[in-house]
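Some notes on the structure that comes next.
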Amino acid sequence: MFTEIKVFHIGDYDQYYSTLSFLLLFTACLIVCAFFLIAYSFYYTDFTEHTLTYHNKMLGRHVDVDMDAVKFVHFTRNGIQLYYKKDEKPKLVIPFFRFGIVSKNGVDSFTKLLVYKKIEFVNDNKELPGYGFVFKVIRTVYALLCIFVTINALKYLLLVFMIMKEEAF
């Protein structure tokens, strides 16, 4: 709408809008949206039979844990806790939610590694966090919202085409 008002000088509205503030506001919104779309890729975990590495590219850090020394693993609502000794505080906590949800395949393969290495683990979750009924409802509402926004944007795009058609005649 802003572009239509500025380009076609609709009414006297174009003198009340500041192009610079409009561009700054929408550039800031675009940067925030882009950040939330790609932020999950800054946090990831690699593991082999002997080592587990948690990467935090946002801060440029990584933590290595020797899987041969791990004696106990606890799956909580918030993440995976790895212990060298069961009574001490965890050596590493891998969060489930860092700008996204954890991969089911990654957790399954990690669980298979724990079984293979005969490491004791406790799972407090009936299902993996982020995949329950509430999150299915949230994803459905989000998908419907995306469809609604797309239809709404198409309405304004059609309006622009109609204005251009009127200007051409």
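Values in this text are rule-based calculations from the coordinates and carry no lab data. It should be emphasised that the depicted structure is a prediction, and the values quoted were computed from it without experimental measurement. FYI the Cβ positions are ideal-geometry reconstructions off the backbone, even for glycines, and counts take in every protein chain you see.
Using the Karplus curve 6.51 cos²θ - 1.76 cosθ + 1.60 with θ = phi - 60°, work out ³J(HN,Hα) for each residue of the stretch 114-128 in order, rounded to whole Hz, and write x for Gly and Pro.
Rounded to whole hertz, the list is 4, 5, 4, 7, 6, 8, 5, 9, 10, 10, 7, 9, 6, 9, 4.
Which residues' amide hydrogens lie under 5 Å from the amide hydrogen of N123, considering only partners 5 or more residues apart or on another chain, with H built in the peptide plane?
Correct list: F75.
Take the Cβ-Cβ distance between I151 and I119 as r, set R0 to 41 Å, and report the resulting FRET efficiency rounded to the nearest 0.05.
Details: r = 51 Å, r/R0 = 1.25.
Given R0 = 41 Å and the Cβ-Cβ separation, E is 0.20.
P(r) for the stretch 22-66: what percent of alpha-carbon pairs falls in each 10 Å bin, starting at zero?
Once binned at 10 Å, the Cα pair distances of the stretch 22-66 give 25, 33, 23, 13, 6, 1.
Provide the convex hull volume over Cα atoms per residue for the stretch 26-123, in Å³.
Working: hull volume 10.2 nm³, N = 98.
Hull volume normalised by residue count: 104 Å³.
Please work out the Cα center distance from the stretch 105-151 to the stretch 34-71, rounded to the nearest Å.
Rounded to whole Å, the Cα centres lie 18 Å apart.
To the nearest 20 debye, what charge dipole does the chain have about its Cα centre, counting +1 at the Cβ of each Lys and Arg and -1 at the Cβ of each Asp and Glu? Intermediate results must be reported in sequence, preceding the final value.
On the way: 19 positive and 16 negative charges, 139 e Å.
In total the dipole reaches around 660 debye.
Can you give the Rg/Rh ratio of the chain, where Rg is from the C-alpha atoms and Rh is the Kirkwood radius?
Numbers: Rg = 25.1 Å, Rh = 20.5 Å.
That ratio equals 1.22.
Below 8 Å between Cα atoms, with a sequence gap of 6+, how large is the relative contact order for the chain in percent?
After rounding, I find 14 percent.
Given 0.36 nm per residue, what is the gain on full extension from T53 to V137 after removing their alpha carbon distance, in nm?
In short, 26.9 nm is gained.
Report the one residue of L158, T51, F72 whose Cα lies farthest in the direction of the positive end of the charge dipole of the chain (charges on C-beta: Lys and Arg +1, Asp and Glu -1; origin at the Cα centre).
Checking the options against the dipole of the chain, the answer is F72.
Enumerate the lysines that K155 could reach by cross-link, defined here as Cα to Cα under 30 Å, with residues fewer than 8 away along the same chain left out.
In chain and number order, the partners are K6, K136, K165.
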